[in-house]
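What follows is a single structure, written as structure tokens, with notes after it.
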Amino acid sequence: MDSKILLRPAYNLDNTKLETAMADYNASKNDRKKLEDLIRIFRGSQVIVPVAFPKKADVRVVMKMLNGLPLKKGEGFPLFPLTVTDSKGNKYAPAFTSRDKIVETKDFPYMIRVPAAQVIDTVMKSKTGLDGVMLNSQTAPFIFHRRAFEVDFSAQAGTQGRQVKKVTKEEFVVLARNTVEKGLIPRTLFTDKAEFVRDLEERGAELLREMYAKPYGDKIPSPYTAEDFSVMSLNISEDTTAVCVELPQKNLAPHMARSAYVIYNPQSDEVYYYMIEKGQRGESDVLCNITPEGKHQELMTAPPVGSELTAVLDLIREEKEEAGE
């Protein structure tokens, strides 16, 4: 698609309120109320989405859609949404909050302006197994996981006038735990670095209990206590501090972390975050990490119990050698 098309008035979106809500949620470290507000704002927004039109589509109707003009009754036709894929193979419906967030258009046949609610409906009704919506994939990706749209927010149910699927208690426990292990902890680590490492060393299990309680808010009791966590700090060398964390065994399910390893270099202020994740039934556990950009990576089959830290330090050393450091 010619990027000059984005200069048309139809693509002139003002999603300041939505983008502010996204930033507020990121800064809140997964506050549930802010997520509720964010999804409500997103549902009421307009976004730009890449699509493909049917081969026999009426050119006049296509031009109307590209120019943001209203369609007459019966003029519409099904669109074929494009998808973006993350490193784990999860597929998302891409959408952009403004034309400024679109860096490259060559991979997109067409882009049109649509209500965000339509994008959500596409995800929820998709037969191809879309995992959610990815906003602004080319600049600062923000992901709405499919499960977030299934949560029965009372305000949304009242305004939408339709029943929304409720997650079960077991599903929410999984969602809440993954939110902390793959979101809150690494995001805090990469933001606060030495301060978070020091806090983890000093407050240990109590700090983790507080972090794991955040998704539950004030009204739902967290299933975890400080006794469910074990924290051990090791000063391995002048440039390597390792904090090894044993995580709760209760409610442990596939893709949840059994343990986590925070590595800090006080000389360079570099930090690393690794996890041993429980494997699927009948499969081995997996050593994973989260990058500073928030990318989740499955690296290798988990090493034998007792040698996890050694494996993590070897991976960091190999990474530095490949980078020529």
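What to note about this one:
- Rounded to the nearest 10 Å², the accessible area of Thr20 at probe 1.4 Å: 70
- In region 167-325, Cα pairs under 8 Å separated by at least six residues give a relative contact order of 16 percent.
- Heavy-atom SASA rank of Asp24, Asp218 (probe 1.4 Å, accessible area, largest first): Asp218, Asp24
- Sequence of Met22, Met300 from largest to smallest accessible area, 1.4 Å probe: Met300, Met22
- Across the cross-link table entries Lys88/Lys193; Lys169/Lys193; Lys33/Lys101; Lys29/Lys91; Lys29/Lys278; Lys125/Lys169, which are compared at the Cα atoms, the separations over 31 Å belong to Lys169/Lys193.
- With protein chains left intact and a 1.4 Å probe, residues in region 194-325 average 54 Å² of accessible area per residue.
- Rounded to the nearest 20 debye, the dipole magnitude of region 213-325 is 700 debye, with +1 charges on Lys and Arg beta carbons, -1 on Asp and Glu beta carbons, and the Cα centre as origin.
- Charge tally for Asp269 (other residues, Cβ to Cβ under 12 Å; Lys, Arg +1; Asp, Glu -1): -3.
- Look at the Cα gyration tensor of region 242-325: its axes a ≥ b ≥ c give a/c of at least 1.5 with a/b over b/c, and that counts as prolate.
- Added length on full extension, which subtracts the Cα-Cα distance from 0.36 nm per residue, Leu252 to Thr225: 8.2 nm
- Exposure rank, largest accessible area first [Leu175, Leu200; 1.4 Å]: Leu175, Leu200
The values are calculated or read from the model by the stated rules, or taken from the named source; none is laboratory data. These numbers were taken from a predicted model, which means no experiment stands behind them. Counting neighbours? That spans all protein chains shown, and the Cβs are built from the backbone with ideal geometry, glycine included. For the accessible areas, the whole protein counts, side chains as well, though only heavy atoms, and no ligand, DNA or RNA atoms are used. Shrake-Rupley method; radii C 1.70, N 1.55, O 1.52, S 1.80 Å.
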